[in-house]
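Trainee: The structure that follows is given in the form of structure tokens.
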Amino acid sequence: MIYDVIIIGGGPAGLSAAVYSSRSRLKTLLIEKAGCGGQIAITDELENYPGFDEGINGFDIAVKMEKQARKFGTEIVYGEVLSLDMQDKLKKVILADQIYMTKTVIIASGAKFKKLNIKGEAEFMGRGVSYCATCDGPFFRNKEIAVIGGGNSALQEALYLTRFAGKVNLIHRRDEFRAVKILQERVLKDPKINVILSAMVEEIEGSESIEKIRIKNIKNGQTNELSVSGVFIFVGWTPNTKFLTESKIVLNEDGYILTNDEMQTSIPGVFACGDIRKKLLRQVVTAAGDGATASVAAQHYIESYI
Ligand code: NAP
């Protein structure tokens, strides 16, 4: 079996590429490691995706996107892509127990959350340290917690966590947030959120569960302790490119794939879309646009070269 398009990754970028490819009657296979949806599957509310004036739950939109891709004929298999063999015009997508052949590849493998790499983080992971507010927020009903980070994720998730926690300490290393102004305004107005700026968390401490964190003020060097029972970490993302280590795809210094504006990578017939790509704005709306473009570019490639 030779596919026209194999899409790696089932987040909004990959699923949009799948909708466009299968709707164009290309033989399309999407390979996803765990479950479709990517980061949005663990996002409570998406309020900046056009058309949903009341906002929409991330998981719900992911389920709809997957259904839509399957409706047009996309095949979806679950497994981890280990490497790509792109020496010949016909490319091989290699999994542990299977090799798939394809004319084009669309890489939409997204990014995974960064860790802080501080003492106690690994020890308490899953026992109070979390990277997912929708998954773990309900465990902290009326408790005091810490949220670390100053980007859109940290502020959005801190606001979400106020539904459960008694108090949310939002700790950021600089004295201004990176997040959009509307989230900053909401955070500063929220009586349950205590903002701690210019501060780094140095250690997470406890015995059976988390009891406190040690924070250092980076302006005056003073350290102090804060009693919390949960620590939510949102300090950005790292691109999922491990399976590309042996490939000759050109990445930038941070590991993101370089493409042109048609999503073409440095290897003909191989495209990249969504958060895996070097780009200005990583949002569901831009991921969807990237996916559509990558699919049409793949179609043009097949028509002209094969
Ligand atoms: P981000 O924008 O990269 O922000 C990461 C935050 O973590 C920054 O405030 C950064 O501090 C801080 N940080 C990084 N390393 C740290 C460390 N070692 N110790 C302490 N703090 C550290 O990541 P994100 O918030 O996850 O967002 C990722 C992408 O998703 C962005 O493009 C974002 O716009 C998008 N997103 C959008 C929405 C939305 O539109 N509603 C929601 C969530 C995510 P500095 O600021 O000092 O660098």
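For (1) closer than 23 Å to Ile302 by Cα; (2) basic (Lys, Arg), each residue gets a yes or a no:
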site: Lys33; (1), (2): no, yes
site: Asp44; (1), (2): no, no
site: Ala62; (1), (2): no, no
site: Ile94; (1), (2): yes, no
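Trainee: Cβ contacts < 7 Å: first residue without any contact (Cβ under 8 Å) to a residue 40 or more places away in the chain, restricted to segment 160-180; second residue among the basic types (Lys, Arg) and surrounded by fewer than 19 Cβ atoms within 10 Å (Cβ to Cβ), any location; separation 6+ or different chain. Result?
Mentor: What qualifies is Thr162/Lys192; Phe164/Arg141; Gly166/Lys143; Lys167/Lys192; Val168/Lys192.
Trainee: Further question: Which of (1) in the same structural domain as Asp290 (by TED's automatic domain parsing); (2) over 26 Å from Leu155 (Cβ atoms); (3) more than 17 Å from the chain's Cα centre (by Cα) is the odd one out, the single condition Glu123 does not satisfy?
Mentor: Condition not satisfied by Glu123: (1).
Trainee: Next question. Determine, yes or no, whether Asn169 is more than 25 Å from the chain's Cα centre (by Cα), among the polar types (S, T, N, Q) and either within 16 Å of the ligand (Cβ to nearest atom) or closer than 21 Å to Lys112 by Cα (or both).
Mentor: Here the answer is no, as Asn169 does not meet what is asked.
Trainee: Of all residues in segment 172-200, count the ones that are aliphatic (A, V, I, L, M), within 10 Å of the ligand (Cβ to nearest atom) and touching a Ser or Thr at 6+ places or on another chain (Cβ under 9 Å).
Mentor: Final tally of qualifying residues: 1.
Trainee: Can you tell me which residues in segment 141-161 are of a type outside the set (Asp, Glu) and either more than 6 Å from the ligand (Cβ to nearest atom) or in a strand (DSSP E or B) (or both)?
Mentor: Residues satisfying the conditions are Arg141, Asn142, Lys143, Ile145, Ala146, Val147, Ile148, Leu155, Ala158, Leu159, Tyr160, Leu161.
Trainee: Checking the structure you have, find out if any residue of segment 77-99 is surrounded by 17 or more Cβ atoms within 10 Å (Cβ to Cβ), under 17 Å from Phe271 (Cα atoms) and at pLDDT below 95.
Mentor: Yes: one or more hits.
Trainee: Taking segment 24-49 as the search range and keeping residues that are polar (S, T, N, Q) and within 11 Å of the ligand (Cβ to nearest atom), which one is surrounded by the fewest Cβ atoms within 10 Å (Cβ to Cβ)?
Mentor: Applying the filter and picking the extreme gives Asn48.
One line per residue, one yes/no per condition, for (1) more than 13 Å from the ligand (Cβ to nearest atom); (2) outside any loop (DSSP other than H, G, I, E, B); (3) surrounded by 12 or more Cβ atoms within 10 Å (Cβ to Cβ); (4) within 22 Å of the chain's Cα centre (by Cα):
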residue: Glu202; (1), (2), (3), (4): no, yes, yes, no
residue: Glu208; (1), (2), (3), (4): yes, no, no, no
residue: Glu211; (1), (2), (3), (4): yes, yes, yes, no
residue: Asn220; (1), (2), (3), (4): yes, no, no, no
residue: Phe232; (1), (2), (3), (4): no, yes, yes, yes
residue: Phe243; (1), (2), (3), (4): yes, yes, yes, yes
residue: Ser247; (1), (2), (3), (4): yes, no, yes, no
residue: Glu253; (1), (2), (3), (4): yes, no, no, yes
residue: Thr259; (1), (2), (3), (4): yes, no, yes, yes
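The values are calculated or read from the model by the stated rules, or taken from the named source; none is laboratory data. Bear in mind the structure is a predicted one, so any value in this text is a computation, not a measurement. Counting neighbours? That spans all protein chains shown, and the Cβs are built from the backbone with ideal geometry, glycine included.
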